[in-house]
Amino acid sequence: MEPIVSIVMGSKSDLDIMSETAKVLSDFGVSHELRVISAHRTPCGVLQPGQVTQLARRFVAT
């Protein structure tokens, strides 16, 4: 199933907080994905504005 929500973090240090967000989404049966993408370490992995709609219907970035 394609994720409805994509949660993108710039650092693993955000994972503790955003995991709580993911848990709430799971509790409500909302499909989602968690991604850690560092703009400094993997600039090619950073999402371009047009890619957001291809990944999910909703997008959360920290």
query: List, please: which pairs have Cβ atoms under 9 Å, are six or more places apart or on different chains, and start with a residue in the stretch 1-16 that is acidic (D, E) and end with one that is crowded, with 17+ Cβ neighbours inside 10 Å and modelled with pLDDT under 85?
result: E2/A56; D14/V36
- prompt: Here are L25, L34, L15: which of them is of a type in the set (A, V, I, L, M, F, W, C), modelled with pLDDT of 65 or more and part of a strand (DSSP E or B)?
  reply: L34
field: Of the criteria (1) farther than 17 Å from P3 by Cα; (2) modelled with pLDDT of 60 or more; (3) loosely packed, with under 14 Cβ neighbours inside 10 Å; (4) not β-branched (V, I, T), which one P49 fails
entry: (2)
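The values are calculated or read from the model by the stated rules, or taken from the named source; none is laboratory data. Please read these numbers as outputs of a predicted model, since none were measured by experiment. Note that each Cβ is placed from the backbone with ideal geometry, even for glycine, and that neighbours are counted across all protein chains shown.
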